[in-house]
1. Of the residues that sit in region 1-54 and are open to solvent by 70 Å² or more (accessible area, probe 1.4 Å) and basic (Lys, Arg), which one is nearest to the chain's Cα centre (by Cα)?
2. Which residue pairs have Cβ atoms closer than 6 Å, lie 6 or more positions apart in sequence or on different chains, and pair a first residue in region 7-25 that is closer than 13 Å to Thr61 by Cα and modelled with pLDDT under 95 with a second residue that is assigned to a helix (DSSP H, G or I) and β-branched (Val, Ile, Thr)?
3. Would you please name the residue that is most open to solvent (accessible area, probe 1.4 Å), looking only at residues in region 55-103 that are under 18 Å from Arg40 (Cα atoms) and among the acidic types (Asp, Glu)?
4. Six or more apart or on different chains, Cβ atoms under 6 Å: show the pairs whose first residue is in region 91-115 and under 16 Å from Leu77 (Cα atoms) and whose second is open to solvent by 40 Å² or more (accessible area, probe 1.4 Å) and not acidic (Asp, Glu).
5. In region 70-104, how many residues are among the polar types (S, T, N, Q) and farther than 19 Å from Gly114 by Cα?
6. Tell me, which residue of region 104-123 that is in contact with a Phe, Trp or Tyr (Cβ under 9 Å, 6 or more places away or on another chain) and open to solvent by less than 60 Å² (accessible area, probe 1.4 Å) is modelled with the lowest pLDDT?
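The values are calculated or read from the model by the stated rules, or taken from the named source; none is laboratory data. Note that the coordinates shown come from a computational prediction; the quantities given were computed from them, not determined experimentally. FYI the Cβ positions are ideal-geometry reconstructions off the backbone, even for glycines, and counts take in every protein chain you see. The accessibility values were calculated without ligands, DNA or RNA, using every heavy atom of the protein model including side chains. Shrake-Rupley method; radii C 1.70, N 1.55, O 1.52, S 1.80 Å.
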Amino acid sequence: MTIFRCEVLAEAFVAELLERARLYAEGDVKLANAAFNRSRVIAAEIMADREAREDVFRRLTTHDCEDVVVSAAAYLLPIDEAFAVNVLQRVDELGTRPENRISAHFCIAEWKAGRMDDVRALK
């Protein structure tokens, strides 16, 4: 996969997560979940590129939107667990939205408990 293709996928990943955050804030959970599911499909495509995936998701951990940060960190768990857990802990402690703090907290807990098989399988 080319660097350009990864950038296009990263932009699509961010767009779906921003859409999810907007829809969730508006109370449309069904459409928000659909946007999240689309982001997962895109993330799997990014994860398939073993040369670019770490760089793509690391850059996204500095995004302004916490939804993007939490999701990017989750996909980094099988690649660089220490870095990803550090990012998730930062959101858990300092996040501006309660739902993102909870997501970060449980993402760490589920990962450490050996669950999150869907993310583990992408390694």
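1. That would be Arg40.
2. none
3. Once the filter is applied, the top-ranked residue is Asp55.
4. Partner pairs satisfying both residue conditions: Asp92/Arg101; Asp92/His105.
5. First, pick out the residues of region 70-104 that are among the polar types (S, T, N, Q): 71, 86, 89, 96, 100, 103.
With the extra rule that they be farther than 19 Å from Gly114 by Cα, the set shrinks to 96, 100.
Within region 70-104, residues that are among the polar types (S, T, N, Q) and farther than 19 Å from Gly114 by Cα number 2.
6. The first filter runs over region 104-123 and keeps only residues in contact with a Phe, Trp or Tyr (Cβ under 9 Å, 6 or more places away or on another chain), leaving 119-120, 122.
With the extra rule that they be open to solvent by less than 60 Å² (accessible area, probe 1.4 Å), the set shrinks to 119, 122.
Numbers: Val119: 71, Leu122: 63.
My answer is Leu122.
Matching residues to (1) of a type outside the set (Asp, Glu); (2) farther than 20 Å from Val8 by Cβ:
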| residue | (1), (2) |
| --- | --- |
| Asn33 | yes, yes |
| Thr62 | yes, no |
| Val69 | yes, yes |
| Glu81 | no, yes |
| Asn100 | yes, yes |
